[in-house]
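Note sheet for the following structure.
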Amino acid sequence: MQHNPGHPIGVFDSGVGGLTVVRALMERLPFENIIYFGDTARVPYGIKSTETIIGYAGQITEFLLQQNVKLLIIACNTMASVARQTVEQIASVPVLDVIEAGARSTVGATKTKSVGVIGTPATINSNSYARAIHRHDRDIRIFSQACPLFVPLVEEGWLDHPVTRLTAQEYLAPVLAEHIDTLVLGCTHYPLLKALLQELVGPAISLVDSAEAMADITAALLEETSFANPSQGAPQYRYYVTDVPLRFQMIAERFLGRTLPKVEIVKW
Ligand code: DGL
């Protein structure tokens, strides 16, 4: 298949959380066509086994390649942690992922070289952030914490709720005891908790949002490879999901930060 710069960027996630990445891409690269795939029927992935996540990631990759994407972005930290190799083996186009993007920002952000990473159990157990950060700087010390309750709390819309506050205090206590100066939000859902988390950790700790970092890396790659869309017309956005669950529209729009047009349903 011949790819050309006018083809869309394929972005995928386990559900709607990856729309935080789409939102950052739309702002940074306003002329790029984007196809989003969210596996809303099978979310959450973060508490599933590695084998299952790898199988799902392969299936989604095949689907997006059939849509003629010019680039694949793994917007899901969990899939990026355990299935990046699988995606790369199948893909005939470049692959970017949020872990690498977050790792680069982290290396630039930390001064004390003491960093906290929060994410789903699958992401934290895979040690993917530590490996990615250490590829840039081996001296950075990393303190990780799985926060499994954050995903359902965000989907419930409890972004500044006493229960979320208490949960966050509990999760963050051991990481904060290590005197970190940077905290990596290693999950698609956590940017929505940014205000609450920043308040809890205080102004001296920088929060790394990999959605923003992802948009910068994508822009750089498209420029280097001369693969930016030359058309300056209104871009096309398409959204594929595997289910439209209860309150889907409301949750999705919260992540995307704008109205979500019609979504197309994929039945495997
Ligand atoms: N998208 C996942 C991540 O970034 C969070 C939701 C899930 O567990 O599937 O890790």
Viscosity 0.890 mPa s, 25 °C: Kirkwood-radius Stokes-Einstein D of the stretch 1-160 over Cα pairs, µm²/s: 150 µm²/s
How large are Rg and Dmax for the chain when calculated on the C-alpha trace, in angstrom? 17.6, 53
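Taking all protein chains together and a probe of 1.4 Å, list 54, 124, 265 from the most accessible to the least accessible.
Values: 54 50, 124 30, 265 90 Å².
Greatest to least solvent exposure: 265, 54, 124.
Give me the net charge of residue 14's neighbourhood, meaning all other residues with Cβ under 14 Å from the Cβ of residue 14; Lys, Arg count +1, Asp, Glu -1.
Charge balance in the 14 Å sphere: -3.
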Round to a whole angstrom and tell me the spacing of the C-alpha centers of the stretch 229-259 and the stretch 114-167. 25 Å
Karplus-derived 3J(HN,Hα), 6.51/-1.76/1.60, for each residue of the stretch 227-242, Hz, glycine and proline x: 10, 6, 5, x, 6, 9, x, 5, x, 9, 10, 10, 10, 10, 9, 9
Provide the per-residue ³J(HN,Hα) series for the stretch 197-208, in order, calculated from phi with Karplus coefficients 6.51, -1.76, 1.60 and θ = phi - 60°, each as a whole number of Hz, with x at glycine and proline positions. 5, 4, 5, 6, 8, x, x, 6, 9, 8, 9, 9
Which residue, 16, 98, 241, has the most motion in a Gaussian network model of the chain that connects Cα atoms within less than 10 Å? 241
For residue 33, residues with placed amide H under 5 Å, excluding near neighbours: 9, 236
Please determine, in degrees from 0 to 90 and to the nearest 10, the orientation of helix 98-109 with respect to the longest principal axis defined by the Cα atoms of the chain, where the helix direction is its Cα long axis. 50 degrees
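Which of the residue pairs 70/113; 48/262; 48/111 have a Cα-Cα distance greater than 31 Å in the structure shown? Don't skip to the answer; put the middle values down first.
Details: 70/113 36 Å; 48/262 29 Å; 48/111 35 Å.
In this structure, 70/113; 48/111 exceed 31 Å between Cα atoms.
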Per its Cα gyration tensor (rounded if a/c is under 1.5, else prolate when a/b beats b/c, else oblate), the stretch 17-78 is best filed as oblate
What longest region of the chain stays clear of trypsin sites (Lys or Arg not before Pro) that DSSP places outside H, G, I, E and B and that have at most 13 other Cβ atoms within 10 Å? 1-110
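Based on DSSP H runs of at least 4 residues, each adding -39500 (n - 2.57), what is the mean residue ellipticity at 222 nm of the chain after dividing by all its residues, to the nearest 500 deg cm²/dmol? The partial results should precede the final answer.
Numbers: 11 runs with 121 residues, N = 268.
Theoretical 222 nm ellipticity from helices: -13500 deg cm²/dmol.
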Hull surface divided by four, with the convex hull built on the Cα atoms of the stretch 60-143: how many nm²? 5.6 nm²
For the chain, what is the accessible area per residue in Å², given a 1.4 Å probe and the full set of protein chains? 43 Å²
Sorted by chain and number, the residues with a modelled amide H under 5 Å from that of residue 240, at a separation of 5 or more or across chains, are 36, 37, 38, 264
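I'm a student and want to see the number: the projected area of the Cα convex hull of the stretch 133-268, averaged over all directions, in nm². Numbers along the way, then the final one.
Numbers: hull surface 47.2 nm².
In nm², the orientation-averaged hull projection of the stretch 133-268 is 11.8.
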If amide H atoms are modeled at 1.01 Å from N in the peptide plane, then the residues at a separation of 5 or more from residue 184, or on another chain, having amide H under 5 Å from its own are 116, 117, 118, 208
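Given an 8 Å cut-off on Cα distances and at least 6 residues of separation, report the relative contact order of the chain as a percent. Please list the in-between numbers first.
Working: 507 pairs, mean separation 74.0, N = 268.
The value is 28 percent.
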Karplus (6.51, -1.76, 1.60) ³J(HN,Hα), θ = phi - 60°, over the stretch 70-77, in Hz, Gly and Pro reported as x: 9, 7, 10, 10, 8, 7, 8, 4
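Counting only C-alpha contacts under 8 Å and six or more residues apart, can you give the relative contact order of the stretch 170-268 as a whole percent?
Across the stretch 170-268, relative contact order equals 22 percent.
The values are calculated or read from the model by the stated rules, or taken from the named source; none is laboratory data. Computed from a predicted model, the values in this text were never measured in an experiment. Note that each Cβ is placed from the backbone with ideal geometry, even for glycine, and that neighbours are counted across all protein chains shown. Accessible surface areas use protein heavy atoms only, side chains included; no ligands, DNA or RNA. Shrake-Rupley method; radii C 1.70, N 1.55, O 1.52, S 1.80 Å.
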